[in-house]
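Data block below; observations after.
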């Protein structure tokens, strides 16, 4: 595996190129500030080059057949497995994630690659009946063509891979614009893996750049038929508006304000472990993270004591230290914003049951309670290690509080009665909800996505087929039809 500096290039039509922009993106280690590499940004002209290369390569790729595509994806699975250690080290350095979190991301990416490899063999046409005598209706699934992928920083290797892999498996090409804070893990690393796996040139292109340089050209370009975006709802609304005006399909995985609900009959020890994981995985910088932890008032005191003890025991520090559970947030700006957010909440009357210190980009875990109903903090995504404890009085009150959010991505409920949990989950307006588990979950075979301000469209499994193919109806008339005139 190459060092970051060896991957600090644009990848266009099978060539590793220096961007033609007038400035560089500097890739830093968020824990120690070490410069990993600098990358000269791509321009709008290079956006055009990448999309045109993808358009040319896709026509032949769609025609090569499922076995050839499967072989490339299986090679990618093998390569990720062989290089798992080096990929893990890169993720730790570039993102500040702990080793356990980085290893989890690498394993998950392998599973999504395996699912994509198998998906190549399961794409079948349908034969449907007709009201017309002697007519045969065939409905074919065809690749849409070229996908534009705008990736996020929180799980960049996985997010890019889970989008690109099924798109390629189904006969498409892709152009990726990774997040500035993860240009290697979310971009050029993926390109190198597929290059080494034997993917023909042009089918996967990576552009490391920013909208300050290219404007909306990545979305507006006439070649891509689908834009897959992962990021904030503010930017997602803009992406959706621009794409809709050009009749492009969008897959949007946006912000979240997930709730983990503890009913009065829950296994409290298990619920505490699930809540700690759901809130503090990767410093809480996950859209599915449990911003709000709702606890039935009858068990509030007992749960709160166990939860705050568990949070207080979390070690903040060097992500390479095996004891560390809370590494750095992604930037100094984010660390300052989180500190100000907590200070403002306490000044407004909230109580800090646990108050973490901020040291550089390290923000220690914080637990707040006593926020008044209607507090803006209860309605927004908090991208950091800050948990909000909210009591409720019975199931109906819990459902009301969970649904009182502009977002609807993920959530979880803990109860001794699994079917009670399912009934509860069905009442929640959101894309995903889990019984006796964590709010942060993903599965290669299960549709993934949100409702309301958390996005539109789905990925994974059959949902990826819907996202990256189009239906074509071809009818065949056997014999002669009597036309009405």
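The values are calculated or read from the model by the stated rules, or taken from the named source; none is laboratory data. Source: prediction; values computed, not measured. A quick note on method: Cβ atoms are made from the backbone with ideal geometry, for glycine too, and the neighbour counts reach across all protein chains shown.
Here's the yes/no breakdown for (1) touching a residue at least 40 places away in the same chain (Cβ under 8 Å); (2) at positive phi; (3) buried (at least 18 other Cβ atoms within 10 Å of the Cβ):
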| position | (1), (2), (3) |
| --- | --- |
| 438 | yes, no, yes |
| 445 | yes, no, no |
| 462 | no, no, no |
| 465 | yes, no, no |
| 475 | yes, no, no |
| 481 | yes, no, no |
| 485 | no, no, no |
Open item on the list: Within segment 223-268, take every residue that is part of a helix (DSSP H, G or I) and in contact with a helix residue (DSSP H, G or I) (Cβ under 7 Å, 6 or more places away or on another chain) and give me the one that is nearest to residue 186 (Cα to Cα).
Closed with: 239
Open item on the list: What's the number of the only condition in (1) buried (at least 24 other Cβ atoms within 10 Å of the Cβ); (2) part of a loop (DSSP other than H, G, I, E, B); (3) at negative phi; (4) touching a helix residue (DSSP H, G or I) at 6+ places or on another chain (Cβ under 6 Å) that residue 199 fails to meet?
Closed with: (1)
TODO: Scan segment 287-307 and give yes if some residue there is surrounded by fewer than 23 Cβ atoms within 10 Å (Cβ to Cβ), assigned to a loop (DSSP other than H, G, I, E, B), at negative phi and within 15 Å of the chain's Cα centre (by Cα), otherwise no.
DONE: no
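Residue by residue, here is whether (1) modelled with pLDDT of 95 or more; (2) out of contact with any strand residue (DSSP E or B) (no Cβ under 6 Å at 6 or more places or on another chain); (3) closer than 17 Å to residue 448 by Cβ holds:
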| residue | (1), (2), (3) |
| --- | --- |
| 213 | yes, yes, no |
| 256 | yes, no, yes |
| 266 | yes, no, no |
| 285 | yes, yes, no |
TODO: Take the residues in segment 325-340 that are surrounded by 18 or more Cβ atoms within 10 Å (Cβ to Cβ) and in contact with a strand residue (DSSP E or B) (Cβ under 7 Å, 6 or more places away or on another chain), then tell me which one is nearest to residue 273 (Cα to Cα).
DONE: 326
Open item on the list: If a residue must be touching a residue at least 40 places away in the same chain (Cβ under 8 Å), part of a loop (DSSP other than H, G, I, E, B) and in contact with a strand residue (DSSP E or B) (Cβ under 8 Å, 6 or more places away or on another chain), how many such residues does segment 122-155 contain?
Closed with: 8
Task: Whichever residue in segment 42-67 is free of Cβ contacts under 8 Å to residues at least 60 places away in the same chain and within 18 Å of residue 215 (Cα to Cα) and, among such residues, is surrounded by the most Cβ atoms within 10 Å (Cβ to Cβ) - done: 49
- [ ] Return the total of residues in segment 235-246 being free of Cβ contacts under 8 Å to residues at least 12 places away in the same chain and over 16 Å from residue 210 (Cβ atoms).
- [x] 4
- [ ] Would you point out which residue out of 82, 126, 111 is surrounded by fewer than 24 Cβ atoms within 10 Å (Cβ to Cβ), over 20 Å from the mean Cα position of the chain (by Cα) and more than 22 Å from residue 7 (Cα to Cα)?
- [x] 126
TODO: Run down 73, 142 and say which single residue is more than 19 Å from the chain's Cα centre (by Cα) and surrounded by fewer than 17 Cβ atoms within 10 Å (Cβ to Cβ).
DONE: 142
- [ ] Please determine, by comparing only the residues of segment 222-256 that are within 15 Å of the chain's Cα centre (by Cα) and surrounded by fewer than 19 Cβ atoms within 10 Å (Cβ to Cβ), which one is farthest from residue 158 (Cα to Cα).
- [x] 235
